[in-house]
1. Would you mind checking which residues have amide H under 5 Å from S2's amide H? H placed 1.01 Å from N; only 5 or more apart, or other chain.
2. For L60 and Y41 in the same chain, what is the full-extension length gain: residue separation times 0.36 nm, less their Cα-Cα distance, in nm?
3. How many percent of the accessible area of the chain is carbon or sulfur, using a 1.4 Å probe?
4. Could you state the accessible area per residue of the chain in Å², with a 1.4 Å probe and every protein chain left in place?
5. With everything on Cα atoms, drop me the angle between helix 41-51 and the longest principal axis of the chain, reported from 0 to 90° to the nearest 10.
6. Mind listing the phi-derived Karplus ³J(HN,Hα) values for region 56-64, rounded to whole Hz, using 6.51, -1.76 and 1.60 with θ = phi - 60°, and x for any glycine or proline?
7. I need to check one value: relative contact order of the chain, counting alpha carbon pairs closer than 8 Å and at least 6 residues apart, in percent.
8. Could you order the peptides 63-69, 2-8 from most to least packed, using the average number of other C-beta atoms within 10 Å per residue?
Amino acid sequence: VSAVDPSADLKSLVDFVFDIFGAHRLMYGSDWPLVHFRGGYETVWKALQELVAGRQQSELDAFFGGTAAAFYRI
């Protein structure tokens, strides 16, 4: 999940991909350095936090690093 546009209503889309694929098949992507075109890293990070609000901690752990760590075996 990357290229988050803070001006777009993406909550239903993010919920959909979490529900369909599960957190163990999703990874957070910072979209660096293109994130600067969407208001900067802090703006996009805050928008992403709102999009995943309410998810279980285990889902967030997988999404924000666990899935990548498992995939890359690190």
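The values are calculated or read from the model by the stated rules, or taken from the named source; none is laboratory data. Since the model is a prediction, treat every value here as computed from it, not as a measurement. Every residue, glycine as well, gets a Cβ built from its backbone with ideal geometry; the counts of neighbours run over all protein chains shown. Surface areas here come from the heavy atoms of the whole protein model, side chains and all, with no ligands, DNA or RNA. Shrake-Rupley method; radii C 1.70, N 1.55, O 1.52, S 1.80 Å.
1. Here the answer is G29, since their amide H atoms fall under 5 Å of that of S2.
2. 5.0 nm
3. 58
4. On a per-residue basis, 68 Å².
5. Rounded to the nearest ten degrees, it is 60.
6. With the stated coefficients, region 56-64 comes to 5, 4, 5, 5, 5, 4, 5, 4, 8 Hz.
7. 44
8. The peptides rank, most packed first, as 63-69, 2-8.
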